[in-house]
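**Q** Dumping the structure here so I can ask a few things about it.
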Amino acid sequence: MSQKTTPPRIVVGVNHSPAATAALRWALGEARLRGAVIEAVHAWQWSGQHRASYAPMGTWRSHDEEYQAARERTRRIVAEVLPSTEPVVAHGPPAQVLLAHAEDADLLVLGIRSPSPGAPASATPVLAACVMGARCPVVVVSTEMTPAPEFDPRRVTLSGAPTR
């Protein structure tokens with residue numbers, strides 16, 4: 001049996017929402033505990049492939065223009081939490097892109113929008129597809145969740161565990 005020599009990898013879905021920022025913050029705390037690296041992934045699809053042929057041409061942006069805009073917006077969002085991390089901006093349907101990037105990851109972290117007060121949270125199709133299709137554990141983070149406080153695991157005492 002071979003041992004894994006690379007650090008654990010946490011993939012975080014970034015969709016430009018407050019929930020995605022909360023997922024990044026949560027993943028940062030988890031990465032510190034595990035000694036893991038974070039891969040922030042944004043799935044992007046060109047809107048030109050879905051436009052009606054009669055749509056005014058002045059409203060169209062090229063494939064490259066839309067990609068660059070998505071890349072810059074994703075960089076700004078990720079930089080708020082992880083300044084030294086370069087996000088991955090990949091073309092394709094979100095669930096497919098996230099599952100492909102999480103294929104050999106140790107954890108997939110996704111954000112979920114906070115429901116209106118009193119309403120139950122509901123999974124989006126992307127979130128449901130990732131939870132059902134991921135080969136690694138999936139953590140779903142809401143904007144109400146706060147990152148776990150940093151702690152030294154050597155100082156944690158569990159019930160029944162010997163202390164030093």
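The values are calculated or read from the model by the stated rules, or taken from the named source; none is laboratory data. Because the structure is predicted, anything quoted here is derived from the model rather than measured. Glycine gets a Cβ as well: all are built from the backbone with ideal geometry, and neighbour counts include every protein chain shown. Protein only, heavy atoms only, side chains kept; ligands, DNA and RNA dropped before computing areas. Shrake-Rupley method; radii C 1.70, N 1.55, O 1.52, S 1.80 Å.
**Q** Excluding ligands and nucleic acids, what accessible area in Å² is computed for Trp44 using a 1.4 Å probe, to the nearest 10?
**A** 20 Å²
**Q** For Glu39, what residues show an amide H to amide H distance below 5 Å, using hydrogens built from the backbone and excluding near sequence neighbours?
**A** Counting only residues 5 or more places away or on other chains, the set is Ile10, Val11, Val12.
**Q** What accessible area, in Å² to the nearest ten, does a 1.4 Å probe give for Arg25?
**A** Here the accessible area works out near 100 Å².
**Q** Step through the residues of the stretch 94-99 one at a time and calculate ³J(HN,Hα) from phi using the Karplus curve (6.51 cos²θ - 1.76 cosθ + 1.60, θ = phi - 60°), rounding each to whole Hz and writing x for Gly and Pro.
**A** Along the stretch 94-99, the couplings run x, 4, 5, 5, 5, 5 Hz.
**Q** While we're on this one: Give me a comma-separated list of calculated 3J(HN,Hα) values for the stretch 34-40, in order, Karplus coefficients 6.51, -1.76, 1.60 applied at θ = phi - 60°, integers in Hz, x for any Gly or Pro.
**A** Karplus values, whole Hz, x for Gly and Pro: 8, x, 9, 9, 10, 10, 8.
**Q** Could you report the accessible area of Ser84 in Å², rounded to 10, computed with a 1.4 Å probe on the protein chains as they sit in the structure?
**A** Accessible area, nearest 10 Å²: 120 Å².
**Q** Oh, and also: Between Ser116 and Val139, what is the FRET efficiency for a Förster distance of 30 Å, r being their Cβ-Cβ separation, to the nearest 0.05?
**A** Computed FRET efficiency for Ser116 and Val139 comes out at 0.85.
**Q** Follow-up. Sequence-distant or interchain residues sharing an amide H contact under 5 Å with Thr143, placed H: which?
**A** HN-HN under 5 Å from Thr143: Ile112, Ser114.
**Q** For Thr6 and Arg75 in one chain, what is 0.36 nm times their gap in residues minus the Cα-Cα distance, to one decimal in nm?
**A** Value of the extension gain: 22.3 nm.
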